[in-house]
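Everything on this sheet refers to the single structure shown next.
Derivation of every value follows stated rules applied to the coordinates shown; laboratory data play no part. Predicted model, so just to flag it, every value in this text is computed and none were measured. Reconstructed Cβ throughout: ideal geometry from the backbone, glycine too, with neighbour counts over all protein chains shown.
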Amino acid sequence: MTAFHYRDGALHAEGVSLTALAETVGTPFYCYASGAIEDAYNAMANALSGLPAMICYALKANGNLAVVRTLAKLGAGADVVSEGELRVALAAGIPADKIVFAGVGKTREEMAAGLRAGILQFNVESVPELEALSEVATSMGLRAPTALRVNPDVDALTHAKISTGRAENKFGIDLGHIQDTVKLALSLPGISLEGLAVHIGSQLTDLTPYGAAFERLSALYRDLHGQGVPLRRLDFGGGLGISYDGETPPDLAAYAALVRKHAAGLPAELVFEPGRFLVGNAGVLIARVLYVKQGAARRFLVLDAAMNDLIRPSMYDAYHAFKPVRAPAAGAVEMPVDIVGPICESADTFAKQRPLPPVEAGDLLAICSTGAYGAVMSSTYNCRRLAPEVLVRGEDHAIVRARPDYAAMLAGSPLPDWLKDGQVQPAKRGVA
Ligand code: LLP
């Protein structure tokens, strides 16, 4: 979180005062620091330098066009999982031949969109999906560049809801079924089998599971290549963890050494799909304290941000650090508080019994490390408007997603004629 620092007693994003931003943009809002995104990308690119590697940013972590464009300008490719993400990646200037289309349930329309755009590859996760892709490609007179996503049955040692590499997970093709699936892929007229892919989970803080997965994947690649299957691409997925609560994220050099070890001697271009690592610590969610409420047993800070703005604590019991935007007085004593949103669910809780320096109603708080899986997972629950997003670069800032106005919100829900004032009610049709 080095992009966010105190200057003159107030938290800044690079050279921009978050207090001033809150005045102009209103709260809650997300703020991203370009420099932090660039540093993370460059660190990864440097660690992998010398390898035939392509870093395909996983848009699901943060699909804001300006964020994606920031990465596109550094040379990043994209990992997309929907036609929407494909369109954002292309609009951000990522060349189609650097785009990987992942996901366990692509529709035929999405396959056609990827084929029309001319993407690098589809990561296919099942036999029926492979057959559908072949049909769609054939109908367009094309062959779909395809990698098979392998399920290596490795425990990623991360939260169960973001673990994807075990046999019981819905993802990938089991190792035991791979040889048959390869044969099928080679026989289908619309498939050009070009690679293998793996992704075992997200927020990995230990390299051991990567080692196990990469070993299985590279052994399989070597074996198939030896059998004459013309593979040329190996996709090692994403999942690199970041520090939320003082965890030690995997050392990039050690990660790259692991990659080098397992890719050594393989005739393969390498693809990586990092999401969180590139943007997670580049963002904060700024909220205002509405009320300080003293309950019978606890003290609550009621914020104007809620679980609809940031669902990770409710959904994964995720930890996010909190920083007062006004620097705490020297020697301020921290007291435990529950930090909650205004939504009528107990799950609308960001933190329980979190030690914080004294905070008053009206104060601003930064919810840290929310650049990944923050805004993208937000909703309009309780008819709340989506929080705006601001991108900062040095002393500059720009609103890169505006807060919708209420008129737009209502205009999006037209009434049927029979519910409009002054309309005659149509007869109810019964079932004969
Ligand atoms: N590739 C594939 C095939 C994926 O499924 C994912 C994430 C990634 C790459 C990027 O993973 P990353 O580098 O960001 O860990 N909403 C959850 C995280 C869900 C991750 C889903 N897949 C959270 O807030 O923690």
Checklist entry - Farthest toward the dipole's positive end in the chain, which of ILE94, PRO209, PRO336, given Cβ charges of +1 (Lys, Arg) and -1 (Asp, Glu) about the Cα centre? => result ILE94
Item to check | Per-residue HN-Hα couplings for segment 245-261 [Karplus 6.51, -1.76, 1.60; θ = phi - 60°; Hz; x = Gly/Pro] | outcome: 9, x, 4, 9, x, x, 6, 4, 5, 5, 4, 5, 5, 5, 4, 4, 4
Item to check | Nearest-20 debye value, segment 96-215 charge dipole, Cβ charges on Lys, Arg, Asp, Glu | outcome: 300
Next on the checklist: Under 10 Å, Cα contacts only: if you run a Gaussian network model on the chain, which one of SER202, SER369, SER243 comes out with the highest mean-square fluctuation?
Outcome noted: SER243
Checklist entry - Points 7 angstrom from Cα along the Cβ direction at ASP251 and GLU345: gap in nanometres? => result 4.1
Checklist entry - In what sequence, highest mean first, do 26-35, 324-333 appear when ranked by Cβ atoms within 10 angstrom? => result 26-35, 324-333
Item to check | Segments 307-316, 287-296 sorted - mean Cβ within 10 Å per residue, highest first | outcome: 307-316, 287-296
Checklist entry - So how do 272-282, 334-344, 52-62 stack up, highest first, on mean other-Cβ count within 10 Å? => result 272-282, 52-62, 334-344
Checklist outcome for this item: When the charge dipole of segment 34-278 is computed with +1 at the Cβ of Lys and Arg and -1 at the Cβ of Asp and Glu, the Cα pointing farthest to the positive end, of ALA197, SER187, ALA219, is that of SER187
Checklist outcome for this item: With Cα coordinates, the longest principal axis of the chain makes an angle with the long axis of helix 108-117, in degrees rounded to 10, of 80
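Diagonalise the Cα gyration tensor of segment 238-280 and give the resulting equivalent ellipsoid semi-axes, square root of 5 times each eigenvalue, largest first, whole Å. Each step should come with its number before you reach the end.
Numbers: eigenvalues 116, 31, 5 Å².
Working through the eigenvalues yields semi-axes of 24, 13, 5 Å.
About the Cα centre, and with charges only on the beta carbon of Lys, Arg (+1) and Asp, Glu (-1), how big is the dipole of the chain? Nearest 20 debye, please.
Numbers: 39 positive and 45 negative charges, 86 e Å.
Dipole about the Cα centre, nearest 20: 420 debye.
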Checklist entry - Nearest-5 percent of antiparallel DSSP beta bridges in segment 34-278? => result 5
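What size of dipole, in debye to the nearest 20, comes out for segment 34-278 about its Cα centre when the only charges are +1 on Lys and Arg C-beta atoms and -1 on Asp and Glu C-beta atoms?
On the way: 21 positive and 27 negative charges, 99 e Å.
Here the size comes out at about 480 debye.
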Checklist entry - Just from the alpha-carbon atoms, what are the Rg and Dmax of segment 93-132 in angstroms? => result 10.0, 32
Item to check | Cα gyration tensor shape of segment 1-84, rounded if a/c is under 1.5, else prolate or oblate by comparing a/b with b/c | outcome: oblate
Checklist entry - When you take every Cα atom in segment 34-278, what is the radius of gyration, and what is Dmax, the widest Cα pair distance, in Å? => result 16.8, 53
Checklist entry - Rounded to the nearest 500, what is the chain's calculated 222 nm mean residue ellipticity when only DSSP H runs of at least 4 contribute -39500 (n - 2.57) each, over all residues? => result -8500 deg cm²/dmol
Checklist outcome for this item: At the level of C-alpha centres, the distance separating segment 142-157 and segment 340-372, in angstrom, is 38
Next on the checklist: At 7 Å along Cα-to-Cβ for each site, give me the label-to-label distance between LEU207 and VAL292 in nm.
Outcome noted: 4.6
Checklist entry - Which of ILE178, VAL136, PHE277 sits closest to the plus end of the dipole of segment 34-278, meaning its Cα is farthest towards the positive end, when Lys and Arg get +1 and Asp and Glu get -1 on the C-beta? => result VAL136
Checklist entry - In whole Å, what is the distance between the alpha-carbon centres of segment 378-427 and segment 62-108? => result 25
Item to check | Geometric extent, Cα atoms of segment 90-235 - Rg, Dmax (angstrom) | outcome: 15.2, 45
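As an exercise, find the ratio Rg/Rh for the chain from alpha-carbon atoms, using the Kirkwood inverse-distance average for Rh. Don't jump to the answer; show the numbers that get you there.
Values: Rg = 24.0 Å, Rh = 23.4 Å.
Reported Rg/Rh, Kirkwood definition of Rh: 1.02.
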Checklist entry - For the pair VAL333 and LEU186, how long in nm is the line joining their label points, each one 7 Å along Cα→Cβ? => result 7.4
